[in-house]
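Notes for the one structure printed next.
Nothing in this text is a laboratory measurement; each read-out follows from the coordinates by a stated rule. This one's a predicted model, so the numbers in the text were calculated from it and none came from an experiment. Every residue, glycine among them, receives a Cβ derived from its backbone with ideal geometry; neighbour counts consider all protein chains shown.
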Amino acid sequence: MHKIAIIGCGRISFKHVEAITSNNELDFVAVCDVLKERAVEKADEYVKQSGKSAPEVFTDYKKLLADIKPDIVTIATESGYHPQITVDALEAGCHVICEKPMALSIKDADWMIETADKCGKKLAVSFQNRFNAPVVKTREALEAGRFGRMMHGMVQIRWNRNEGYYSQAPWRGTWALDGGTLMNQCTHGIDLLQWMMNSPVKRVHGVTRRYQRPIEAEDFGSAILEFEDGSVGMIEGTANIYPTNLNETLSLFGESGSVVIGGLAVNKFETWRFADSETIGDPEETVIDPDAKDPPSVYGFGHTALFADFADSIKENRKPMIDGREGKKALEIILAIYKSMKDGIPIDLPFEFSTTDMKKIFS
């Protein structure tokens, strides 16, 4: 059994508590937040869910690392703090699960990856939507070659984050600690798009806007991605949908297959068509469920599977499904969109950039 601790007890941390509770391989030993009451709240959540004793509460993560020496640390703080906490935890001998985005600059992402390699520890990034059931089934079809040559794909994230969302936590929407809608709300969909297109991105054309929200960064972003194999990806992401969240949809089109996964958060099939469906594929009616329900929140149910995969990766001494190098790919695309907006030109990968290079872009 692995001793695990949570650092950061904000909006997303309840999914980490849920994932720990659901995994018998994990022993929840400590929780940390600079606001003690939030850490206590998460400890109490765990007791209620599991019936087990409460994890120890800390307000200083460095003291937690020194006193508890957990095997695994899961980080759910503000995004801008991810790199330093990750490096400190790795160097203290911990494996690390880091919430998305792993960092806000290419340099910091590389620092995290290199430190994990140097310390011989696992680093995973929390892109839990890769574990959504329709996503898993689509990936199986891709790996079986059922799409044929991939031609184009698109992700649409049409959500609402109103002024109240940003006023609850002043760090949200800042270049120093968060980035905008692309970096926060859209990063999961961007990760799925690049993963399913199955080819490295070579060039990014980006356009962003700040239409409504009282933030430094963008509340709308769009891009065209050129992949090395000649396929094309498109991104549409917004926090301005009236009046509430509408959909997150991933569309994939190959020579011999078309799949659209929609719902609130890429959680149900809308289209499932393959040239070989009469011989090896399930009939469409057994895949598309018109009564499929959306998850209770956009976070879905993937954290439990992601944490289980991470625990197994330690036991089996293999890479976790979404290791640091995998987690960096979506970050790099988003930073390329930002740089493309700033410079007014397409951006070729690789490159160096940070969200802080965008300061005053909308002033």
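Can you give the longest stretch of the chain with no exposed loop site, where a site means chymotrypsin sites (Phe, Trp or Tyr not before Pro) in a DSSP loop (not H, G, I, E or B) with at most 13 other C-beta atoms within 10 Å?
Details: sites that count: 211, 351.
After excluding every exposed loop site, the longest remaining stretch is 1-210.
Please give me the summed charge of the neighbours of residue 181: other residues whose Cβ is under 13 Å from its Cβ, Lys and Arg +1, Asp and Glu -1. Don't jump to the answer; show the numbers that get you there.
Details: positive: 158, 161, 172, 209, 210, 213; negative: 178, 216, 218, 219, 236, 248.
Taking every other residue near residue 181 into account, the sum is 0.
Grab the DSSP H runs of the chain that are 4 residues or longer, score each as -39,500 (n - 2.57), total them, divide by all residues and round the 222 nm result to the nearest 500 deg cm²/dmol. Walk me through the intermediate numbers first.
Numbers: 12 runs with 127 residues, N = 363.
Here the helix-only value at 222 nm equals -10500 deg cm²/dmol.
Between residue 228 and residue 176, what is the FRET efficiency for a Förster distance of 30 Å, r being their Cβ-Cβ separation, to the nearest 0.05?
Details: r = 33 Å, r/R0 = 1.09.
Efficiency for this residue pair is about 0.35.
Quick check: net charge around residue 242, other residues with Cβ under 15 Å of its Cβ, Lys/Arg +1 and Asp/Glu -1? Let's see the in-between values first.
On the way: positive: 158, 161, 213; negative: 163, 219.
Taking every other residue near residue 242 into account, the sum is +1.
Along the Cα→Cβ direction, 7 angstrom out, place labels at residue 40 and residue 291. What is the inter-label distance in nm?
Result for the modelled spin labels: 4.5 nm.
Kindly list the residues of region 74-95 that lie in the label zone of residue 352, defined by a backbone N under 20 Å from the point 7 Å along the Cα-to-C-beta vector.
Within reach of a label on residue 352, which here means backbone N under 20 Å from a point 7 Å along Cα→Cβ, region 74-95 contributes 83-84.
If Lys and Arg each add +1 and Asp and Glu each add -1, what is the summed charge of the other residues whose beta carbon sits under 12 Å from the beta carbon of residue 38?
On the way: positive: 11, 36, 42; negative: 33, 37, 41, 44, 45.
For residues surrounding residue 38, the net value is -2.
Could you tell me the calculated FRET efficiency between residue 317 and residue 211, based on Cβ-Cβ distance and R0 = 51 angstrom, to the nearest 0.05? Before the final figure, lay out each step's value.
Values: r = 48 Å, r/R0 = 0.94.
For R0 = 51 Å, the calculated efficiency reads 0.60.
Relative to the longest principal Cα axis of the chain, at what angle does helix 133-143 sit, 0 to 90 degrees, rounded to 10?
60 degrees
Give me the number: length gained by fully extending residue 110 to residue 343, i.e. 0.36 nm times residue separation minus the C-alpha to C-alpha distance, one decimal in nm. Mind showing how you got there, number by number?
Numbers: separation 233, 0.36 × 233 = 83.88 nm, distance 2.33 nm.
Value of the extension gain: 81.5 nm.
Sort out for me the Cα centre separation of region 47-72 from region 84-122, rounded to whole Å.
Computed from Cα coordinates, the inter-centre distance equals 20 Å.
Among all stretches of the chain without exposed trypsin sites (Lys or Arg not before Pro) (DSSP loop, at most 10 other Cβ atoms within 10 Å), which one is longest? All intermediate terms of the calculation are to be shown ahead of the outcome.
Values: sites that count: 293, 360.
In short, 1-292.
Which value in nm describes the separation of the simple spin-label points at residue 137 and residue 202, placed 7 Å from the Cα toward the beta carbon?
Between residue 137 and residue 202, the label points sit 3.5 nm apart.
For residue 359 and residue 47, compute 0.36 nm times the residue count separating them, minus their Cα-Cα distance, and round to one decimal in nm.
Extending this stretch completely gives an extra 108.0 nm.
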